[in-house]
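Nothing in this text is a laboratory measurement; each read-out follows from the coordinates by a stated rule. Note that the structure is predicted; figures quoted are calculated from it, not measured. Neighbour counts are summed over all protein chains in view; Cβ atoms, including those assigned to glycine, are modelled from backbone coordinates with ideal geometry.
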C-alpha cells in the first residue's frame, strides 16, 4: 500500500502486516503440492505432504465459513482411503504371494468372468490399495486447502475484465443456493402449520416447490432491478464494429486452441496442426480478451496485487512440484515403492526436503485479517427462526 | 432537479391508470414523504424516478420524467445510477456481493471510478452511516437495521443527487428504524441530498419531512407541506388524529410540538381517567401454560427459560428487537418449532406431541411470511383445501374469510391480493381449525392504516370469542390499540410483562405517541375520545 518510492520500507515493516493474499498465489501453491502428490505413492512422502498442507492451513486460514470446510475435505480423504482398501477385500486382491486371509469366494455366473467376489486377500494388493488411496486422498485434501486458504469469490474477482459478467453470474448463482435452502426450510415449516403432509407425495412436493420457486423468482427480480439501478452493464463506448471484431477474434482464437490441443494429444494428426495452431490460437484469443477488456469501463475496488509474499507462496508450491519431477528422473523407485517384495518403503533426503519447502508459506506469508465477525456461522445458518425476519419475501 | 410533467402510467391490461396527469417538481435538499394506501401507486411513483418504471416493469408511460434535465425515457435505468440511488424494500434481496465493503464499492465499480476515489468514498460512507466496524462482515449475518444502512450506503457511495427509498423501516424494530431515519435526516441536513421515501408508518417520518405527496388512489397526487396535506387526509398517525380531536391549528408534526400545545388539554384530562376494561388476566384458568421454555440453535440460545401463561379473552403483545427470540417462542408454543427444554400445556396436552393436524386445532400460528402458507392458484381452492385439512364442513373457511375481509373474488390468485387481504385469507385458513389460541407473528408488516385498523377489529373480535391471542410486532401504535397485556423480550428472556398501559408508558422506546404527549395511561386517541365526549362535541 506504500507509495512506490517507499517500497524499501514496505519490505521491512509491511511484509508481515495481516492481509489476505492474492487467491491465485494460494492456488498455485496447492496445485504444486497436488502435482507433487500425484507423482508419488510413497506413503512417507504423502504423509509429509499432508502434514505440510495441514500445518499451513491451520497457520494461515481465516475464520470465514469457506475456511471451515477444510475438515470436510479431510473427511473425504479418509473416506477415499477406506474405500480403496475396502474394495480390495470385496473384489479380491490376490496379486502377490503373501496371502493374509481367505474369505469364502462367491461364485459368479460365466458372463461376469473377470470379476471376483471375496476370496483370498494378499498383503501386496492391500498395500497397493492403501498407497493408491492415500495418493488420491492427498490430492483431494490439497484442493480443500486451496479452498480454505483463498476466498473462492475473490478468485472470481481476479479474473480478466472481459470475463467480469461471467464472474458476476457465478457469484449471484452461488448466493442462490443458501437462499433456496432457507426458503425451502421456511415453507416446509409453514406447511406443518396447515396440518402438515396429508395427501399424495407429488401433491406434497408441489405444495413446497411452488412457494419456493415463487420466492426465488421474486428475489431474482429484485436483484435484477437493484443491479440495473446501480449501473450494472452501463454501455461502454464500443461500437458495433468493435464488438464484432472482438467476437471474431475470440471465436477464431478458441477454435485454434481446440484444434491445437487435439492435435497435440493425438499423435496421428499432422504436426503443423499441433504446436503452431495452438500457439497462434492462444495469441488470437488473448488479443480478443484484451480488446474486450479494453472496452470495459469498470474499475475494481482494492484489487489483489502480486507482491513479494505472493511470489514466495507461489514459488514454494512450484518448488515442491519441481523437486518431485527432478527426483522421479533420478530415483524413481523411491517415489513408487515396490509392491512385489514387501518391505518398508524407503525415504531419501532429496524428495523429503523438496516437500518440506512447501511449509514456507506458514512462516513467510502475512497472517490473514480477522473478519471482526465473531459468530458468523451461527447467525448465518443456525437460526432459521430469525432469518425470515430479515429475509422478507 | 426532478421534474414530472403530465405523467400518466398504466400497467398492461389494467383499465385504470396508476398515475394520472401527475405534474410536480422536487428541488435540491428536500425530504419528500410519499404516502397512500397499499396499491395506490407509491412504488410506481418511486420507480419512475430512475426509469425502472416503465423500462423494467413494463407498462405504458405518458408524459416526461426528467432527472437533472435528462428524460428517463431516453436511456435505461443504469445510466441514471450516478444521479438516483434506489433502495428497495428488502435490502437483502438487492445485495450483489457478500461483504459490506464490497457492497459499498459495487456501484462505483460500475461507474468506473478510480481506485483511490473508491477507497476514500468507502471509508467516508462507512463513517457517515456509523457502520465502520461492520466493514468485513458478511451481509447475511447483519441485523435488519444494519442491512438497511448498508443498502443506503451502497448507493450513497455513487454520490447520487437523489436518494429514493421504498419503505426503508417497515421490517425494523423501533430503535433500528430511528437509526435509519436519523441517518436520512443527517444526509438531508449535512449533504443536502434530496430524499424521496415511501412509508406506511409515517408517524416517525413526518417530523423530518419538508414535503408530502399523498396518493389517494385515483391516480392523482396531493402535494404540500405535511400539516397541509395531513389536514384533509383520511389516514394519519395518532399525533395528527389527536391534533384533529383537539382542533389544534396547524397540526403538530412532532411530539415536541404537540406536547407544548397540549398543556390545557392535559389539564382537562387530569380530572378523568382512562376508561378501560379491567385486565382479565387472573380471571380464569390459563388456556396455555408454558414454563421454562428453551429454544436453541447450536450454540445460540434463542429463548432462555421463558414462563408464559395465555388467558382466554386476552390479547398479549410480544415486543422486542429483531432477533430477541419472539418468533422462536411463538413457534415453540405452537409445537411445530424446536423446543429443547421446558413444557407447554394447552387443552391438557403438549401441542408438540400432537400430529401437525391436531396441534393446529389447539394453537393456530400465522407466520411472518404469511404467504408461505398459500400454494394454490385460487382463493376458492385455498379455502376448500383448508376445509379438507381441518375436517371442517365445506364453506367454513370461506365464511370466516367473508367475515374478516368481505368481497374477495374467489377466482383471484392469492398473490394478487393486497397484503391485508392475503393476511385475512391466511388467518381464515388457520381459524378454520378453530383453535382457541391464535398466534400472529409480525402481522402488521406492509399494512396501511386502514388494513391495520381492520386487523385490530379482527383481533378484538377473536378475543371477544374467548380466544387467547398473541401478537408479535414492532408496531407500537398497533400494540397500544389492541393489546391488553404486553411482554417485552430481550436476549431470549421476557424482561417485562404486564398490563399494556403500564409496560408501554414506562419506556421511552415503546411509548406510543399519545402517551408521550399526554403522559400517564393514555395510549390511543380512542382512549382520549372516550374520556372526553364533550371535547369531541
Compute the length gained on full extension between residue B:495 and residue B:457: take 0.36 nm times their separation in residues and subtract their Cα-Cα distance, giving the result in nm to one decimal.
10.8 nm
Determine how many Å³ per residue the convex hull of the Cα atoms of the range A:75-159 encloses.
131 Å³
P(r) weight above 13 Å for the range B:352-401, C-alpha pairs, percent:
63 percent
With Cα atoms, 0 to 90° folded angle of helix B:379-389 axis to chain B main axis
30 degrees
Computed E for residue A:102/residue A:338 - FRET, C-beta separation, R0 22 angstrom, nearest 0.05:
0.35
For the range B:397-447 and the range B:146-174, what is the separation of their C-alpha centers, rounded to whole Å?
31 Å
Quarter of Cα convex hull surface for the protein assembly as shown, i.e. mean projection, nm²
50.1 nm²
Using a 10 Å cut-off on Cβ atoms, rank the peptides B:65-73, B:160-168 from the highest mean neighbour count down.
B:160-168, B:65-73
Testing the spin-label approximation: label points 7 Å from Cα along Cα→Cβ at residue B:299 and residue A:243. State their distance in nm.
5.2 nm
Take B:201, B:244 and order them by how many other Cβ atoms sit within 10 Å, fewest up front.
B:244, B:201
Reciprocal mean inverse distance between Cα atoms of the range B:70-186 - Kirkwood radius, Å
14.4 Å
Please give, to one decimal in nm, the separation of the simple spin-label points placed at residue A:271 and residue A:110, each 7 Å out from Cα toward the Cβ.
5.1 nm
Debye log10 I(q)/I(0) at q = 0.12, 0.22, 0.23 Å⁻¹ for the range A:161-229, Cα point scatterers:
-0.44, -0.95, -1.00
How big is the range A:240-294 on each of its three principal axes, counting only the C-alpha atoms and giving the largest first in Å?
42, 14, 13
What's the exposure ranking of A:313, A:259, B:469, going from fewest to most Cβ atoms within 10 Å?
A:259, B:469, A:313
R0 of 51 Å, Cβ-Cβ distance residue A:370-residue B:502: FRET efficiency to nearest 0.05:
0.70
Angle check, please: helix B:174-191 long axis (alpha carbons) against the longest principal axis of chain B (alpha carbons), in degrees 0 to 90, nearest 10.
10 degrees
Globularity index of the range B:2-231, i.e. its alpha-carbon radius of gyration over 2.2 N^0.38 Å
0.99
If each DSSP helix of 4+ residues adds -39,500 (n - 2.57) and the sum is divided by the residues in the protein assembly as shown, what number results at 222 nm, nearest 500 deg cm²/dmol?
-14500 deg cm²/dmol
Sorted from fewest to most neighbouring beta carbons within 10 Å, what does the list A:212, A:57 look like?
A:212, A:57
Principal-axis tilt of helix B:144-156 within chain B, Cα atoms, nearest 10 degrees
10 degrees
If R0 is 35 Å, what FRET efficiency do you get for residue B:192 and residue A:217 from their C-beta distance, rounded to 0.05?
0.35
What number do you get for the range B:281-505 when its Cα radius of gyration is normalised by 2.2 N^0.38 Å, N = residues?
0.97
What distance in nm separates the simple spin-label points at residue A:181 and residue B:412, each placed 7 Å from Cα in the Cβ direction?
3.8 nm
Using the Kirkwood radius built from alpha carbon pairs, what does the Stokes-Einstein equation give as D for the range A:60-212 at 20 °C and 1.002 mPa s, in µm² per second?
104 µm²/s
Debye intensity ratio in log₁₀ form over the Cα atoms of chain B, taken at each q of 0.06, 0.09, 0.11, 0.13 Å⁻¹
-0.32, -0.73, -1.09, -1.42
Rg/Rh for the range B:300-430 to two decimals, with Rh computed the Kirkwood way over all alpha-carbon pairs.
1.00
